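Notes follow the structure.
The values are calculated or read from the model by the stated rules, or taken from the named source; none is laboratory data. A quick note: this is a predicted structure, and the numbers were derived from the prediction, not measured. Note that each Cβ is placed from the backbone with ideal geometry, even for glycine, and that neighbours are counted across all protein chains shown.
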Amino acid sequence: MCGIFTVYKHENAEAFKPRALQLSKRIRHRGPDWSGNVVKNSTIMAHERLAIVGLDSGAQPITSQDGDHILCVNGEIYNHIQIREQFPDYQFKTLSDCEPIIPLYMKYGAEAPKHLDGMFAWTLYDAKQDRIIAARDPIGITTLYMGRSSKSPKTVYFASELKCLTDDCDSIVAFPPGHVYDSVTDQITRYYTPDWIDENRIANQPLDLMKIRHSLEKAVRKRLMAEVPYGVLLSGGLDSSLIASIAARETEKAMKTASSDSLSSSVNQLTGIDDNGNLRSSGWSRLHSFAIGLPGAPDLIAAKKVAKFIGSVHHEHTFTLQEGLDALDDVIYHLETYDVTTIRASTPMFLLSRKIKAQGVKMVLSGEGSDEIFGGYLYFAQAPSAAEFHTESVKRVKNLHLSDCLRANKSTMAWGLEARVPFLDREFLDLCMNIDPSEKMINQKEGRIEKYILRKAFDTTDEPNEKPYLPDEILWRQKEQFSDGVGYSWIDGLKDTAERVISDELFENPREHWGSDIPTTKEAYWYRLKFDALFPQPTAASTVMRWIPKADWGCAEDPSGRYAKIHEQHIGAK
């Protein structure tokens with residue numbers, strides 16, 4: 001991951017360059033390793049680099065040999081070796097996983113993003129055509145914003161974070177995931193069009209548990225491509241625990257490979273993948289796992305059990321309520337949101353990310369996406385039908401870029417730490433989003449706990465020769481949303497503080513510019529005031545979406561899992 005800032009068709013790009021570099025500096029936390037920029041014609045491209053792959057030769061912007069194509073990327077391209085092999089005559093200048101985007105564009109134009117497997121936000125300038133292309137990964141794991149100014153209608157701005165655009169743009173949008181912008185048409189169009197993306201189409205594929213298992217294992221293996229020490233975020237819940245378990249197995253295999261084989265390919269040395277498609281060692285002999293919570297939090301207890309079971313080097317960190325409260329302004333500044341759920345969950349992740357970076361780690365795996373794919377939030381138990389269950393699941397996946405993906409990306413990148421999310425792998429998504437939703441539904445009578453099929457896919461009870469992935473009490477542990485699992489007193493403390501800070505009189509008089517987006521709780525009101533103080537420009541709030549359970553299913557307004565009807569009704573049957 002990195003930070004990008006691009007301005008296309010500026011009336012005086014050279015004169016704007018010093019200002020552009022200052023704006024790019026606002027996201028240097030995303031790329032503390034190096035800064036680069038290129039000015040070409042009326043376009044300026046700036047890049048803040050976090051080096052994960054191609055440490056010695058991957059500085060950006062990357063320019064083609066003839067200087068006609070200039071590329072800025074924030075992300076990781078997992079199939080870059082396969083793409084390189086498609087262009088034997090192209091003169092690559094680096095071993096970066098991002099550079100193959102240039103020959104892809106030269107062959108496919110605006111269709112290039114269709115051929116990428118990874119998480120990304122990028123801009124590519126074609127100097128001959130004076131054309132800019134911008135694209136974002138299918139689900140929006142990587143953040144990207146697009147802005148314009150009424151003072152200069154032809155100028156288009158792109159940035160990894162909102163804060164780069166608020167001073168110069170009076171129109172800003174969160175660039176939609178799975179879309180590409182082409183200046184030739186001046187349009188944003190969808191390139192990612194799987195069958196399941198249509199909310200009106202109900203999936204009907206039969207369940208295959210082993211396909212789920214093998215697909216997720218492949219997704220994790222793919223994301224361990226790195227030249228730097230990596231780890232896993234381990235909450236002790238199902239999702240992070242499964243990712244950690246698979247990563248531990250792959251790391252163990254990588255060490256065996258490293259001790260028995262010689263490295264034969266310079267490209268493969270940089271990717272961490274050997275000639276047989278297996279992960280190579282990143283330099284650590286064991287996987288490192290990281291957890292955070294208030295002292296005695298449910299997640300800390302569960303995470304320790306998982307770490308011991310999978311054999312990871314475990315790092316447990318605690319924070320106090322006051323430390324969390326003190327961090328709120330910084331969290332909102334980096335997250336660029338006033339959504340209650342996102343802020344609650346982001347604060348512990350923000351604090352943990354700083355600790356992880358201080359321990360020499362630059363990349364972690366995380367478990368975002370599973371709850372949306374499998375209907376894991378406890379309120380899904382109130383779905384009236386399989387069809388509505390599926391429709392809600394599709395909506396949640398499509399909105400991940402405004403909630404959990406935004407949280408995972410910005411909480412970690414605030415400290416120059418990259419988070420990768422295997423559950424949002426394209427192949428895994430296409431497999432699991434097409435499964436008949438009746439297989440995913442929570443059914444207390446049949447003993448089907450939330451995410452039953454995911455749990456069952458990794459249940460090795462009937463496989464005597466297969467080592468268990470997780471202890472039973474973890475594999476069948478009821479869902480705890482991260483902001484709950486770090487300690488129930490965290491959310492209670494936020495609510496109590498908001499009650500003290502926001503008077504009844506203030507709460508009953510919302511700001512006029514909020515329009516219809518009026519906070520319904522004092523906690524939400526408090527966050528909105530903080531957001532407005534940091535981002536006073538009217539256009540900033542247009543990029544925010546509030547995460548709330550589905551009201552017409554009879555769900556509680558508070559997004560905490562504790563308010564779901566089945567919380568603590570541990571089903572746990574297999």
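Remarks
- When we screen Gly54, Gly140 for residues that are at pLDDT below 95, within 27 Å of Tyr230 (Cα to Cα) and within 28 Å of the chain's Cα centre (by Cα), the only hit is Gly54.
Rundown of residues vs (1) in a loop (DSSP other than H, G, I, E, B); (2) touching a helix residue (DSSP H, G or I) at 6+ places or on another chain (Cβ under 9 Å); (3) surrounded by fewer than 17 Cβ atoms within 10 Å (Cβ to Cβ), yes/no style:
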| site | (1), (2), (3) |
| --- | --- |
| Ile44 | no, yes, no |
| His47 | no, yes, no |
| Leu55 | yes, yes, yes |
| Gly75 | no, no, no |
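- Condition check for Lys308: free of Cβ contacts under 8 Å to residues at least 60 places away in the same chain, farther than 17 Å from Tyr488 by Cβ and assigned to a helix (DSSP H, G or I): yes
- Residues satisfying the stated conditions in the range 405-444, i.e. in a helix (DSSP H, G or I) and of a type in the set (Lys, Arg): Arg407, Lys410, Arg426
- Taking the listed residues Ala419, Ala457, the one that is in contact with a strand residue (DSSP E or B) (Cβ under 9 Å, 6 or more places away or on another chain) and crowded, with 16+ Cβ neighbours inside 10 Å is Ala419, with no other qualifying.
- Listed conditions (1) within 30 Å of Pro384 (Cα to Cα); (2) touching a Phe, Trp or Tyr at 6+ places or on another chain (Cβ under 9 Å); (3) surrounded by fewer than 15 Cβ atoms within 10 Å (Cβ to Cβ) are all met by Gln444, apart from (2).
- Unique residue being β-branched (Val, Ile, Thr), free of Cβ contacts under 8 Å to residues at least 40 places away in the same chain, over 26 Å from Asn79 (Cβ atoms) and not assigned by TED's automatic domain parsing to the domain that holds Asn409 when the list is Thr185, Thr166, Thr155: Thr185
- Of all residues making up the range 104-121, the number that are out of contact with any Gly (no Cβ under 7 Å at 6 or more places or on another chain) and buried (at least 21 other Cβ atoms within 10 Å of the Cβ): 6
- For the range 93-116, a residue qualifies if it is modelled with pLDDT under 95 and of a type in the set (Phe, Trp, Tyr), but none of them does.
- Going through (1) of a type in the set (Lys, Arg); (2) surrounded by fewer than 21 Cβ atoms within 10 Å (Cβ to Cβ); (3) more than 17 Å from Ser370 (Cβ to Cβ) one by one, Lys410 falls short only on (2).
- Contact map, the range 335-353: first residue over 16 Å from His401 (Cα atoms) and in contact (Cβ under 8 Å) with a residue 40 or more places away in the chain, second residue basic (Lys, Arg) and part of a helix (DSSP H, G or I), Cβ cut-off under 7 Å, separation 6 or more or different chains; pairs are Met349/Arg407.
- Residue in the range 102-113 that is touching a Ser or Thr at 6+ places or on another chain (Cβ under 8 Å) and within 19 Å of Val53 (Cβ to Cβ) present: yes
- Looking only at the range 166-209, and only at residues there that are in a loop (DSSP other than H, G, I, E, B) and charged (D, E, K, R), the one that is surrounded by the most Cβ atoms within 10 Å (Cβ to Cβ): Asp168
- Subset of the range 390-404 [of a type in the set (Lys, Arg) and either surrounded by 20 or more Cβ atoms within 10 Å (Cβ to Cβ) or part of a loop (DSSP other than H, G, I, E, B) (or both)]: Arg396
- Subset of the range 9-26 that is touching a residue at least 40 places away in the same chain (Cβ under 8 Å) and touching a Phe, Trp or Tyr at 6+ places or on another chain (Cβ under 7 Å) - its residue that is surrounded by the most Cβ atoms within 10 Å (Cβ to Cβ): Ser24
- Within the range 535-574, if we keep just the residues that are farther than 28 Å from Glu161 by Cβ and of a type in the set (Phe, Trp, Tyr), the residue that is modelled with the lowest pLDDT turns out to be Tyr563.
- Residue in the range 351-374 that is surrounded by fewer than 24 Cβ atoms within 10 Å (Cβ to Cβ), more than 18 Å from the chain's Cα centre (by Cα) and over 18 Å from Lys410 (Cα atoms) present: yes
- Scan the range 300-346 for residues that are buried (at least 24 other Cβ atoms within 10 Å of the Cβ) and closer than 24 Å to Leu470 by Cα and the total you get is 5.
- Considering Ser393, Ser370, Ser366, Ser403, the condition of being in contact with a strand residue (DSSP E or B) (Cβ under 7 Å, 6 or more places away or on another chain), of a type outside the set (Lys, Arg) and either in contact (Cβ under 8 Å) with a residue 40 or more places away in the chain or within 21 Å of Leu233 (Cβ to Cβ) (or both) is satisfied by Ser366 alone.
- Which numbered condition Thr460 fails, given (1) farther than 30 Å from Trp196 by Cβ; (2) free of Cβ contacts under 8 Å to residues at least 12 places away in the same chain: (1)
- Look at (1) assigned to a loop (DSSP other than H, G, I, E, B); (2) touching a Cys at 6+ places or on another chain (Cβ under 7 Å); (3) not small (Gly, Ala, Ser) and you find that Tyr379 fails only one, number (1).
- A single entry from Asp517, Asp532, Asp459 fulfils the requirement of being more than 30 Å from Ala307 (Cα to Cα), charged (D, E, K, R) and at pLDDT 95 or above: Asp532.
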